Amino acid sequence: MFDMLCRELAPFIGRQDTAMRPALPVAKRVAVALFYLKSGADYGVVGLAFGVGKATVHVIVRDFCRAVLDRYFMECIVFPSTEEEMAAKENCFRTRWNFPGTIGAIDGCHIPMKTPIHGGADYYNYKGWHSVILLAVVDSQYRFIYCNSGYPGRVHDAGVLRASALWDVITNGGLPGKYHLIGDGAFPLGANMMKPFARPNGPHEEHFNYRLSRARMVVENAFGRLKGTWRVLLKASKVDVARLVEVINTCCILHNICEENREVFWADWLEEANAAENMFPQPQDEAGGDNFVDGEEKREVLAQQLYDAVQ
């Protein structure tokens, strides 16, 4: 992965030697950026580790993130748009997590940040810390197929969804009725969005909630793997919101590359990430409100089918 990044990002981040001094090699630039994203250490600490100045680390990380976004974003984070792509995602989800019709699991994750200079109250979530929201859809193999980051921490997950381009896709015919996303109670219920029964009535509804919860864990596991690998997302970043969004999206892309290439993920990384999150407990949004009739009908039919299949 490191060699691939050096090779493919060289046109974006490579620099020419000058009469004053030689340029830092591409490999060193990539190493500096990955070390920062992996450790979450301050620029000064990273600079000491690599023998470069704090300001140089700042520039390298900025250039690296922008290069990764330019080179990989449209290629690595792709929401299925054709029948063939949707069918492939649905088949993988049904085979691996035993929940039919699903192309992805959706959830929001709060990423900590330092108090912004402007609009600090908007980013102050009810758990008592400043954050921006990463709204993401994850496929059956822990890969992000949609990312929307940067909304203030006070915003409800359902509000982020309704303001996103994804909402237009799933409500204006971009997602056929036989497919859906799955989420928790924070999201609206519709033909293309399944969520648990708030008060299950009968064994078939309880079974549906169990199966949906089991399948939906894929997005929570993906967030854990993302932050366990790229620990810059565990710490309150000092950068401004725009720069933090670049860092978050870069980490999501690198996460997908790691998952695609089956890079090693150590169990203790997840344990450390979970321990670090005790400092920044995730807000849990309440029910997202709207339940559309077509969603209620589809959920009831699906719940009965899942229950009948195990009888």
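The figures follow:
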| read-out | value |
| --- | --- |
| Scope segment 184-207; condition part of a loop (DSSP other than H, G, I, E, B), open to solvent by less than 10 Å² (accessible area, probe 1.4 Å) and in contact with a Lys or Arg (Cβ under 7 Å, 6 or more places away or on another chain); matching residues | Phe187 |
| Lys89 being outside any helix (DSSP H, G or I), of a type in the set (Lys, Arg) and touching a Pro at 6+ places or on another chain (Cβ under 7 Å) | no |
| Every residue from segment 159-179 that is at pLDDT below 90 and under 13 Å from Gly190 (Cα atoms) | Ile170, Thr171, Asn172, Gly173, Gly177 |
| Within segment 149-178, considering residues that are over 25 Å from Arg94 (Cα atoms), of a type in the set (Ser, Thr, Tyr) and outside any loop (DSSP other than H, G, I, E, B), the one most open to solvent (accessible area, probe 1.4 Å) | Tyr151 |
| Of all residues making up segment 19-53, the number that are surrounded by 17 or more Cβ atoms within 10 Å (Cβ to Cβ) and touching a Cys at 6+ places or on another chain (Cβ under 8 Å) | 4 |
| Test: residue in segment 211-221 that is under 23 Å from Pro116 (Cβ atoms), out of contact with any helix residue (DSSP H, G or I) (no Cβ under 6 Å at 6 or more places or on another chain) and not aromatic (Phe, Trp, Tyr) | no |
| Number of the exception - Leu181 against (1) surrounded by fewer than 23 Cβ atoms within 10 Å (Cβ to Cβ); (2) outside any loop (DSSP other than H, G, I, E, B) | (1) |
| Set Tyr123, Tyr142: member being within 16 Å of the chain's Cα centre (by Cα) and among the hydroxyl-bearing types (Ser, Thr, Tyr) | Tyr142 |
| Flag for Thr95 being of a type in the set (Val, Ile, Thr) and part of a loop (DSSP other than H, G, I, E, B) | no |
| Filter result for Thr56 (modelled with pLDDT under 95, open to solvent by 50 Å² or more (accessible area, probe 1.4 Å) and of a type outside the set (Asp, Glu)) | no |
| Only one of Tyr146, Tyr210 that is under 24 Å from Asp294 (Cβ atoms), open to solvent by 50 Å² or more (accessible area, probe 1.4 Å) and modelled with pLDDT of 95 or more | Tyr210 |
| Filtered residues of segment 239-284 (kept if among the acidic types (Asp, Glu) and more than 20 Å from Tyr146 (Cα to Cα)) | Asp240, Glu263, Asp268, Glu271, Glu272, Glu277 |
| Members of segment 242-265 found to be of a type in the set (A, V, I, L, M, F, W, C) and either at pLDDT 95 or above or crowded, with 19+ Cβ neighbours inside 10 Å (or both), listed by number | Leu244, Val245, Val247, Ile248, Cys251, Cys252, Ile253, Leu254, Ile257, Cys258 |
| Total residues in segment 62-88, condition farther than 15 Å from Thr250 by Cβ and over 17 Å from the mean Cα position of the chain (by Cα) | 8 |
| Those residues of segment 36-75 which are β-branched (Val, Ile, Thr) and either under 23 Å from Cys258 (Cβ atoms) or in a helix (DSSP H, G or I) (or both), in sequence order | Val45, Val46, Thr56, Val57, Val59, Ile60, Val61, Val68 |
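The values are calculated or read from the model by the stated rules, or taken from the named source; none is laboratory data. These numbers were taken from a predicted model, which means no experiment stands behind them. For neighbour counting, all protein chains shown are included, and Cβ atoms are generated from backbone atoms with ideal geometry for every residue, glycine included. Protein only, heavy atoms only, side chains kept; ligands, DNA and RNA dropped before computing areas. Shrake-Rupley method; radii C 1.70, N 1.55, O 1.52, S 1.80 Å.
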